[in-house]
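Here's the structure, in structure tokens; my notes come after.
The values are calculated or read from the model by the stated rules, or taken from the named source; none is laboratory data. Everything numeric in this text was worked out from a predicted model, so none of it was measured. Quick reminder, even Gly has a Cβ in these numbers, built from the backbone with ideal geometry, and neighbours come from all protein chains shown. Accessible surface areas use protein heavy atoms only, side chains included; no ligands, DNA or RNA. Shrake-Rupley method; radii C 1.70, N 1.55, O 1.52, S 1.80 Å.
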Amino acid sequence: LVARLGEHHLLALDVATGRTAWVLDAEKRPRFTPFPVPSGPRFGPHLLAAGDTVVTQLGNRRWAVSAATGR
């Protein structure tokens, strides 16, 4: 299960265990920053989950992220 957490983070949960699989911030860092820079990049409101890939948009850029690893 992958969700946008605010405008600055993506979060993946392992539904089998209920644990966090990974967190990714809008600067491609594998961490959660509770107070991100307000002028920093922001994820768009929509995600596309296709197979093992999650596609998201940041401004005019698109990222393809592995659903298993967050890379």
Amide H partners (placed H, <5 Å) of Trp22, local residues excluded: Ala12
Val37-Ala67 FRET efficiency (beta carbon distance; Förster radius 25 Å; 0.05 resolution): 0.40
Sequence of Thr56, Thr20 when ordered by accessible area, the most exposed leading, probe 1.4 angstrom: Thr20, Thr56
Solvent accessible area, Å² - Asp52, 1.4 Å probe, full protein context: 120 Å²
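With a 1.4 Å probe and every protein chain kept in, tell me what percent of the accessible surface of the chain is carbon plus sulfur. Show your work: numbers first, answer last.
Values: 2760 of 4890 Å².
Taking all protein chains in place, the chain shows 56 percent carbon and sulfur surface.
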Phi-based couplings in Hz for the stretch 56-71 (Karplus 6.51, -1.76, 1.60; Gly and Pro marked x): 9, 10, 10, x, 9, 10, 10, 10, 10, 10, 5, 5, 7, 10, x, 9
GNM flexibility winner over the chain from Ala26, Ala49, Ala12 (Cα, springs under 10 Å): Ala49
In sequence order, calculated HN-Hα J values of the stretch 23-37 (Karplus, 6.51, -1.76, 1.60; Hz; x Gly/Pro): 10, 9, 8, 6, 10, 6, 9, x, 7, 9, 10, x, 10, x, 5
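So, for the chain, what is the accessible surface per residue at a probe of 1.4 Å, expressed in square angstrom?
Values: 4890 Å² over 71 residues.
Per-residue value: 69 Å².
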Loop-located chymotrypsin sites (Phe, Trp or Tyr not before Pro) in the chain, at most 12 other Cβ atoms within 10 Å (DSSP): none
Cα gyration tensor category, rounded, prolate or oblate, for the chain with a/c compared to 1.5: oblate
